[in-house]
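Heads up, the thing below is written out as structure tokens.
The values are calculated or read from the model by the stated rules, or taken from the named source; none is laboratory data. All of these numbers come straight from a predicted model, not from anything done at the bench. Glycine gets a Cβ as well: all are built from the backbone with ideal geometry, and neighbour counts include every protein chain shown. These accessible areas exclude ligands, DNA and RNA; they are computed on the full protein's heavy atoms, side chains included. Shrake-Rupley method; radii C 1.70, N 1.55, O 1.52, S 1.80 Å.
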Amino acid sequence: MNNPHLKALLDKYPGVEVSTLTWPKEPDPNTWSEKDLEMFISSNGFIKPKKKKAAVPATVATAPTAQQKLEAPVAGQVAQQSENKSELAAPVTQEASKTAEFAPKARLSSPAGLEETEGAFEKPGFSVERHALTMPVRIHCEDTTPKNHVRLESLVAFAERIRSLSLKQVMGCTLADLQKEKAAILATEFVVEIVGDGVSVLDTLRVDCAVEFPGTPVMPWDTKMYLENGNLYAQGLFCLNWCQILPTGGYGFMDPDGYNKYCKDLRRFRNPNKQRMSGLRLFTAYEESGKPFKPIGRREVKYTVRDSDCDMYSVLFQARVCSMVHS
């Protein structure tokens with residue numbers, strides 16, 4: 001690897017091991033620009049530069065041979081040929097040439113008119129094909145279990161991370177900004193499950209999220225996480241609620257006016273052709289089994305809630321609940 005930008009970028013990203021990266025053969029990594037190389041390294045090899053079209057070789061002008069001079073048409077013939085050609089097609093004007101040169105290139109767009117944007121670490125993008133907000137996340141040692149799986153607490157945290165970053169990117173505000181406005185987003189119900197094979201430390205998961213708006217105050221997020229080979233690893237559905245912070249310090253559901261105010265910018269990311277939740281409760285997203293749920297047992301233990309179990313709203317952080325139950 002002889003790219004002149006490599007050393008400086010490795011100093012910038014000391015946690016990246018070059019030997020663990022899967023380098024594509026084309027385009028040649030030694031020819032990548034600094035921007036392309038940084039995107040590849042910062043994503044741990046997840047984002048690769050696109051192949052560039054081969055340049056058309058320039059035609060070298062040469063002096064005409066004696067035979068070509070003899071066969072060249074005289075001035076009158078040239079004028080006649082020009083007149084005949086003008087009858088078949090109008091000449092391309094200078095203005096038309098400029099219009100064609102600077103015409104915008106066609107881009108993928110969704111039924112809602114959203115354009116394709118590429119996601120990067122800590123920066124959600126949008127996939128038109130999957131109609132989902134998307135972002136890669138890297139798995140670290142503290143995220144894993146002894147059986148080569150991601151801890152449920154980390155999976156829930158990954159899902160929360162893309163939601164918070166999307167909120168900032170789309171609405172231009174953070175959860176802290178909402179708190180100052182006496183507003184909050186709280187999870188009342190959620191489910192997450194691992195359905196794929198194991199993972200390794202420093203593997204990358206692609207997190208895809210689809211947001212829904214079944215009615216005030218609910219804003220569900222359908223979340224799927226994919227392995228580097230494209231297989232589904234984990235999936236979850238999070239029933240989030242827009243709430244208002246009451247003068248007493250408690251929380252109440254937001255009214256329709258407040259709900260519509262905060263959701264207006266996010267609504268354009270909703271998939272108009274798909275909605276899992278038909279009501280305001282999580283169970284409406286699943287088919288009825290035809291029989292009542294009967295638990296096979298019940299266990300009760302005492303648990304002392306710590307500061308580290310709570311979030312900025314002084315309520316249990318949804319990701320911590322998984323570990324609290326395991327303990």
Check: Which one of the conditions (1) assigned to a strand (DSSP E or B); (2) out of contact with any strand residue (DSSP E or B) (no Cβ under 8 Å at 6 or more places or on another chain); (3) of a type outside the set (Phe, Trp, Tyr) does Val137 fail to meet, given that it meets all the rest?
Finding: (2)
Check: Quick one: how many residues across the stretch 217-230 are assigned to a strand (DSSP E or B) and open to solvent by 60 Å² or more (accessible area, probe 1.4 Å)?
Finding: 0
Notebook entry, point to check: Is there a residue being touching a Pro at 6+ places or on another chain (Cβ under 9 Å), at positive phi, open to solvent by less than 40 Å² (accessible area, probe 1.4 Å) and not β-branched (Val, Ile, Thr) anywhere in the stretch 160-169?
Noted result: no
Checklist line | Positions within the stretch 23-48 being at pLDDT below 80 and either open to solvent by less than 100 Å² (accessible area, probe 1.4 Å) or not in a loop (DSSP other than H, G, I, E, B) (or both), in sequence order | finding: Lys35, Glu38, Met39, Phe40, Ile41, Ser42, Ser43, Asn44, Gly45, Phe46, Ile47, Lys48
Next item on the list: Quick one: which residue in Thr188, Thr174 is within 29 Å of Ile245 (Cα to Cα), surrounded by fewer than 18 Cβ atoms within 10 Å (Cβ to Cβ) and touching a strand residue (DSSP E or B) at 6+ places or on another chain (Cβ under 7 Å)?
Entry: Thr188
Note to self: The conditions are (1) open to solvent by 80 Å² or more (accessible area, probe 1.4 Å); (2) modelled with pLDDT of 90 or more; (3) in contact with a Leu (Cβ under 7 Å, 6 or more places away or on another chain), and Arg151 fails exactly one of them. Which is it?
What the structure shows: (3)
Next item on the list: Give the residue, chosen from Val325, Val301, Val321, that is among the β-branched types (Val, Ile, Thr) and either in contact (Cβ under 8 Å) with a residue 60 or more places away in the chain or open to solvent by less than 90 Å² (accessible area, probe 1.4 Å) (or both).
Entry: Val321
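Residue by residue, here is whether (1) surrounded by fewer than 10 Cβ atoms within 10 Å (Cβ to Cβ); (2) modelled with pLDDT under 85; (3) outside any loop (DSSP other than H, G, I, E, B) holds:
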site	(1), (2), (3)
Gln275	no, no, no
Thr284	no, no, yes
Phe293	yes, yes, no
Gly297	yes, no, no
Val305	no, no, no
Ser308	yes, no, yes
Met312	no, yes, no
Notebook entry, point to check: Within the stretch 168-205, which residues are without any contact (Cβ under 8 Å) to a residue 40 or more places away in the chain and either assigned to a loop (DSSP other than H, G, I, E, B) or under 18 Å from the mean Cα position of the chain (by Cα) (or both)?
Noted result: Lys168, Gly172, Cys173, Thr174, Glu181, Gly196, Asp197
Item checked: Residue list for the stretch 231-244, restricted to those being among the hydrophobic types (A, V, I, L, M, F, W, C) and either farther than 20 Å from Glu160 by Cα or crowded, with 18+ Cβ neighbours inside 10 Å (or both) -> Ala234, Leu237, Phe238, Cys239, Leu240, Trp242, Cys243
